[in-house]
Amino acid sequence: MFPDKATQDKATENLVALVEKNDYCIGTGFPGTPYILFALADNGRADVAYKMLMNTKCPSWLYEVKMGATTIWERWDGLDENGQCPIGDDGTDMMISYNHYASGAVGDFLYRRVAGIENTEAGYKSFRVKPLVGGGLTWAKGSVRTPYGVAASEWKLEKGVFTVAVTVPVGTTCQLVLPDGTEKTLGSGSYTCSCKA
């Protein structure tokens, strides 16, 4: 927490400068990786968060995808550009995990900001769907299994129109927030809403 908005804005500005200096590559280590994109997006710099998320240079999440990964690796450089494991014998018998949560914590950002599904009450008794559009993405979808059923969001951006389909489980409520700021409270059911992008 920052003592005032001016200090918070300065911290955001400094964080953006560090990210830009690092060419939008991830450099936070395990402790900061789950929070870096939220810190940027939730402080008015979704543009920088998306630039970091969509980066394909090593170290980045999409570098791993570019190299054929279907899971998140323990080390950003688990495979080099030639498809070789560059890990030397450091006493771990060249051990490396190719399915590791620490860096994979980016999934939380994908659910809570890109798909926009975030609980506002324990167990998703109430939740919000507030997709964060950006990064050149034209669609996204996500779902969360809750004790009440599946909560889901699927959106697309087409010809200047944003459309989202939301599924609200029985016995729950959803606060839908569209990119234009329109808010709707939804009860159980399936809904489709649109706005100008």
Item checked: Near pairs, Cβ below 6 angstrom, 6+ apart or cross-chain, from the range 176-191 (free of Cβ contacts under 8 Å to residues at least 60 places away in the same chain and farther than 15 Å from THR120 by Cα) to any residue that is of a type in the set (A, V, I, L, M, F, W, C) and part of a loop (DSSP other than H, G, I, E, B) -> PRO179/VAL133; SER188/VAL170
Next item on the list: Consider only pairs whose beta carbons are under 6 Å apart and that are at least six residues apart or on different chains; among these, list those whose first residue lies in the range 42-59 and is more than 15 Å from ARG112 (Cα to Cα) and open to solvent by 70 Å² or more (accessible area, probe 1.4 Å) and whose second residue is among the aliphatic types (A, V, I, L, M) and assigned to a helix (DSSP H, G or I).
Entry: ARG45/VAL16
Margin query: Go through the range 135-156 and report how many residues are surrounded by 17 or more Cβ atoms within 10 Å (Cβ to Cβ) and either under 18 Å from SER194 (Cβ atoms) or modelled with pLDDT under 95 (or both).
Written below: 5
Item checked: Single residue of the range 107-149 satisfying the filter (of a type in the set (D, E, K, R) and touching a helix residue (DSSP H, G or I) at 6+ places or on another chain (Cβ under 6 Å)) that is farthest from PRO179 (Cα to Cα) -> GLU118
Next item on the list: Only residues that are among the polar types (S, T, N, Q) and either part of a loop (DSSP other than H, G, I, E, B) or open to solvent by less than 40 Å² (accessible area, probe 1.4 Å) (or both): list them for the range 157-176, please.
Entry: THR163, THR172
Next item on the list: Count, please, the residues in the range 60-86 that happen to be open to solvent by less than 60 Å² (accessible area, probe 1.4 Å) and β-branched (Val, Ile, Thr).
Entry: 2
Item checked: Selection count, the range 1-33, where residues are of a type in the set (Gly, Ala, Ser), open to solvent by 50 Å² or more (accessible area, probe 1.4 Å) and part of a helix (DSSP H, G or I) -> 2
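Looking only at the range 123-136, decide whether some residue is closer than 26 Å to LEU53 by Cβ and free of Cβ contacts under 8 Å to residues at least 40 places away in the same chain. Write out each step before concluding.
Of the residues in the range 123-136, the ones closer than 26 Å to LEU53 by Cβ are 124, 127-136.
Now drop any that are not free of Cβ contacts under 8 Å to residues at least 40 places away in the same chain, which leaves none.
So far as the range 123-136 goes, no, none of its residues is closer than 26 Å to LEU53 by Cβ and free of Cβ contacts under 8 Å to residues at least 40 places away in the same chain.
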Next item on the list: Identify, by number, the condition in (1) aliphatic (A, V, I, L, M); (2) crowded, with 17+ Cβ neighbours inside 10 Å; (3) within 17 Å of ALA105 (Cα to Cα); (4) touching a Phe, Trp or Tyr at 6+ places or on another chain (Cβ under 8 Å) that ILE36 doesn't meet.
Entry: (4)
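Sort out which residues of the range 35-57 are in a helix (DSSP H, G or I), of a type outside the set (A, V, I, L, M, F, W, C), over 11 Å from the mean Cα position of the chain (by Cα) and closer than 28 Å to GLY68 by Cβ, and write them in order of number. I'd like the intermediate steps shown before the answer.
Start the filter on the range 35-57 by keeping residues that are in a helix (DSSP H, G or I), which leaves 36-41, 46-53.
After this cut, where a residue has to be of a type outside the set (A, V, I, L, M, F, W, C) as well, the list is 47, 50-51.
Now restrict to residues that are over 11 Å from the mean Cα position of the chain (by Cα): 47, 51.
The answer is LYS51, and nothing else.
Going residue by residue through the range 161-176, is there one that turns out to be of a type in the set (A, V, I, L, M, F, W, C), touching a Ser or Thr at 6+ places or on another chain (Cβ under 6 Å) and within 22 Å of PRO34 (Cα to Cα)? Explain how you work it out, then say what you get.
Just the residues of the range 161-176 that are of a type in the set (A, V, I, L, M, F, W, C), to begin with: 161-162, 164-166, 168, 170, 174, 176.
Narrowing the set further to residues that are touching a Ser or Thr at 6+ places or on another chain (Cβ under 6 Å) leaves 161, 165-166, 168, 170.
In the following step, the residues that additionally are within 22 Å of PRO34 (Cα to Cα) were identified as none.
No: zero hits.
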Notebook entry, point to check: Which residues, counting only those in the range 162-174, are of a type in the set (S, T, N, Q) and under 20 Å from TRP139 (Cα atoms)?
Noted result: THR163, THR167
Check: Of all residues in the range 131-155, how many are assigned to a loop (DSSP other than H, G, I, E, B) and touching a Gly at 6+ places or on another chain (Cβ under 6 Å)?
Finding: 3
Checklist line | For SER103: the one exception among (1) at pLDDT 95 or above; (2) in a helix (DSSP H, G or I) | finding: (1)
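The values are calculated or read from the model by the stated rules, or taken from the named source; none is laboratory data. Keep in mind that this is a model prediction, so the values were computed, not measured. Glycine also receives a Cβ, built like all others from the backbone with ideal geometry; neighbour counts cover every protein chain displayed. SASA here: full protein model, heavy atoms, side chains in, ligands and nucleic acids out. Shrake-Rupley method; radii C 1.70, N 1.55, O 1.52, S 1.80 Å.
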